[in-house]
Amino acid sequence: MTKLDVITFGEPLFLFYANEEGPLWKVNNFSRALAGAETNVATGFARLGFKPSQVTKLGKDTFGKFIIEAMKEEGIETDGIQFTDQRFTGMYMKELNPNGDPKIEYFRRGSAASTMSVEDFDKDYFLQARLMHMTTIFAALNENTLAFTYEAAKTVSEAGIPISFDPNLRPQLWKTKEDMVENVHNLAKYANYFLPGINEAEQLMGSTNPEEICDFYLDLGVKDIVVVKTGADGAYYKTRDGQSGHVAGYKVKPIDTVGAGDAFAVGFASGLLDNLSVEEAILRGNACGARQVTFEGDNDGMPTREELAQFQKETERY
Ligand code: KDG
């Protein structure tokens, strides 16, 4: 029997985000928040009433305590989380920059989550889910987290459970660009839904033409749908059975772009779990992404069902 709607894995991060503009070392006031791309996705699913779980390892420290309590409060399943007193919990800091992508600084090398390996992969736990969501942030940490990512992708895909895959490129975490591209492309072959941003696709395969990008990844082996997030104006998609088109985004005034892609993934993949059409699911993805960028934390804008309906009713589209 299915016990979870969504399974994800990766590193939750404790976040200090600046409440004032300017370089981090000059900022006096910070807010704390729950962050980490996969944790943001789990949070988004929980807000929409789904049952998500994130598999990870946290340190027995204040950051770890904050993260586990915040995840429970959001309604994320935490029984796939291990603790260690040998390592610290990952953390990062984020500038306030309403005019573009904010600068960030990581404090995560050697963290508890980064010590996970295939030995921590519990097949039966993963196979309870209706969907797995993955990114390549965790994969980029080291050889062992990369191996964990392949094991999860291979096992879940062989079991016929759909996988949504947001590459979430973090070039600073990979050894080389070639390593990053090769692994994103190998992992994309296990994915049912591949969700790159247009700038990510350019880094990965050199084109900024959404149709070319979709064709490239469908030829590479993405199983069902490629959605290219083209920015505020929306997203372009192509399915293996030949549907394609652009779905217009929502007009908002962004405060912080971080978390937009995670919110898109939540809207899109939850739409498919709710049996929406591909276009309606992308529209929901656009709505979640647009709402998220109007909030400062990395997942504060993830809507409940009511907030989503209200946002879609009241917000103009491109
Ligand atoms: O997608 C948002 C994430 O980038 C943020 O929450 C922090 O996970 C994070 C990372 O590794 O950058």
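Taking into account only those residues within segment 234-243 that are loosely packed, with under 15 Cβ neighbours inside 10 Å and either within 20 Å of GLY289 (Cβ to Cβ) or not small (Gly, Ala, Ser) (or both), which is nearest to the chain's Cα centre (by Cα)? Lay out the reasoning, then the answer.
To start, the set of residues in segment 234-243 that are loosely packed, with under 15 Cβ neighbours inside 10 Å comprises 240-243.
Of the ones still in play, those that are also either within 20 Å of GLY289 (Cβ to Cβ) or not small (Gly, Ala, Ser) (or both) are 240-241, 243.
On the way: ARG240: 23, ASP241: 26, GLN243: 25 Å.
Per the stated criteria, the residue is ARG240.
Please count how many residues of segment 25-59 are of a type outside the set (Phe, Trp, Tyr), away from the ligand (no atom under 15 Å from the Cβ) and not in a strand (DSSP E or B).
The number of residues fulfilling the criteria is 9.
From the residues in segment 149-178 that are within 16 Å of the ligand (Cβ to nearest atom) and more than 20 Å from ALA269 (Cβ to Cβ), which one is surrounded by the most Cβ atoms within 10 Å (Cβ to Cβ)? Give the steps one after another, and end with the answer.
Quick first cut of segment 149-178, residues within 16 Å of the ligand (Cβ to nearest atom) only: 149, 164-174.
Remaining after also requiring more than 20 Å from ALA269 (Cβ to Cβ): 170-174.
Working: ARG170: 18, PRO171: 12, GLN172: 8, LEU173: 18, TRP174: 20.
Within segment 149-178, the match that is surrounded by the most Cβ atoms within 10 Å (Cβ to Cβ) is TRP174.
Scan the helices (runs of 4 or more DSSP H) fully inside segment 137-236 and keep the ones with 2 or more residues being among the polar types (S, T, N, Q). Give the steps one after another, and end with the answer.
Values: elements: 143-158, 177-188, 198-205, 210-220.
Because the criterion is at least 2 residues that are among the polar types (S, T, N, Q), the helices (runs of 4 or more DSSP H) in segment 137-236 that meet it are 143-158, 177-188, 198-205.
Could you please let me know if GLU212 is among the acidic types (Asp, Glu), touching a Gly at 6+ places or on another chain (Cβ under 8 Å), surrounded by fewer than 19 Cβ atoms within 10 Å (Cβ to Cβ) and free of Cβ contacts under 8 Å to residues at least 40 places away in the same chain? Lay out the reasoning, then the answer.
Values: among the acidic types (Asp, Glu): yes; touching a Gly at 6+ places or on another chain (Cβ under 8 Å): no; surrounded by fewer than 19 Cβ atoms within 10 Å (Cβ to Cβ): yes; free of Cβ contacts under 8 Å to residues at least 40 places away in the same chain: yes.
Against the criterion (among the acidic types (Asp, Glu), touching a Gly at 6+ places or on another chain (Cβ under 8 Å), surrounded by fewer than 19 Cβ atoms within 10 Å (Cβ to Cβ) and free of Cβ contacts under 8 Å to residues at least 40 places away in the same chain), GLU212 does not qualify.
Can you tell me which of (1) touching a residue at least 40 places away in the same chain (Cβ under 8 Å); (2) farther than 20 Å from ALA265 by Cα; (3) surrounded by fewer than 24 Cβ atoms within 10 Å (Cβ to Cβ); (4) not charged (D, E, K, R) is the one ILE67 doesn't meet?
(3)
Can you name the condition, by its number, that ILE76 falls short on among (1) surrounded by 22 or more Cβ atoms within 10 Å (Cβ to Cβ); (2) of a type in the set (A, V, I, L, M); (3) away from the ligand (no atom under 16 Å from the Cβ)?
Result: ILE76 fails condition (3) only.
Kindly indicate which of ALA281, ALA269, ALA263 is assigned to a helix (DSSP H, G or I), in contact with a Ser or Thr (Cβ under 9 Å, 6 or more places away or on another chain) and within 16 Å of the ligand (Cβ to nearest atom).
Working: ALA281 fails: within 16 Å of the ligand (Cβ to nearest atom); ALA263 fails: in contact with a Ser or Thr (Cβ under 9 Å, 6 or more places away or on another chain).
From the options ALA281, ALA269, ALA263, the qualifying one is ALA269.
Tally up the residues in segment 94-122 that are within 18 Å of the chain's Cα centre (by Cα) and either of a type in the set (D, E, K, R) or farther than 17 Å from PHE9 by Cα (or both), please. Write out each step before concluding.
As a first pass, look at segment 94-122 and keep what is within 18 Å of the chain's Cα centre (by Cα): 94, 101-102, 104, 106, 108, 113-114.
Of the ones still in play, those that are also either of a type in the set (D, E, K, R) or farther than 17 Å from PHE9 by Cα (or both) are 94, 101-102, 104, 106, 108.
Within segment 94-122, residues that are within 18 Å of the chain's Cα centre (by Cα) and either of a type in the set (D, E, K, R) or farther than 17 Å from PHE9 by Cα (or both) number 6.
All of the numbers you see were taken from the coordinates with simple rules; none came from a lab. Everything numeric in this text was worked out from a predicted model, so none of it was measured. Cβ sites come from the backbone with ideal geometry, for glycine too, and all protein chains shown count toward neighbours.
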